[in-house]
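First comes the structure, then the notes that go with it.
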Amino acid sequence: MKTLLFCLFLFLPFLIFAQTDPLSGNSAKVEIEYIYDRVDEMASPLEGIEAFKTNITNRLKVPAEAQKLKVEGKVFIQFVVDEEGNLGEFTVVKGLGAGWDEEVLRVFQTYDKKWKAGKQRGKNVKQRVVVPVECKIVS
């Protein structure tokens, strides 16, 4: 009797918590969407890093407040490169103020070129990228 109770208590949790679909009898699969910070092959612009930097820099417009206060420096922007190479989820992680943060966000949100997606174990994955953007007042 003790052996039967022991076996019942041992296997009961597995029977209660088994995830099965009552209609098909299949086990439920939960897919977790993961965004990688580090991958085997880093995401990169298809046009090349130098062309990317030039494209971003050329599209920046000096904000009036930055011009008035003579504010220059770097804005660090974070974004996600998805499995197809599209950019999204833009966030300023270290700002400069004086209108530069909003300007850098505007430029990235309107950037329409694809990137080469990051790869983990040979498969395209979502990757989080942080890029420093040099903000200078050009005379």
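Quick note: the coordinates plus some simple rules give every number you see, no bench work behind them. What you see is a predicted model, and the numbers here were worked out from it, not measured in a lab. Please note: Cβ atoms are built from the backbone with ideal geometry, for glycine as well, and neighbour counts cover all protein chains shown.
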Inset, instruction - Report the extension gain between N86 and R106 in nm, rounded to one decimal, defined as 0.36 nm multiplied by the number of residues separating them, less their alpha carbon distance. - result: 5.6 nm
Inset, instruction - Treat each spin label as a single point 7 Å out from the Cα along the C-beta direction, and report the E41 to E65 distance in nm. - result: 4.2 nm
Legend entry - lysines whose Cα lies under 16 Å from that of K74, excluding same-chain neighbours fewer than 8 positions away: K53, K61, K94, K136
Inset, instruction - Step through the residues of segment 93-101 one at a time and calculate ³J(HN,Hα) from phi using the Karplus curve (6.51 cos²θ - 1.76 cosθ + 1.60, θ = phi - 60°), rounding each to whole Hz and writing x for Gly and Pro. - result: 9, 9, x, 10, x, 6, x, 5, 4
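Evaluate Rg over Rh across segment 56-139, taking Cα atoms for both radii and Kirkwood's formula for Rh.
Numbers: Rg = 14.4 Å, Rh = 13.6 Å.
Taking Rg over the Kirkwood Rh, I get 1.06.
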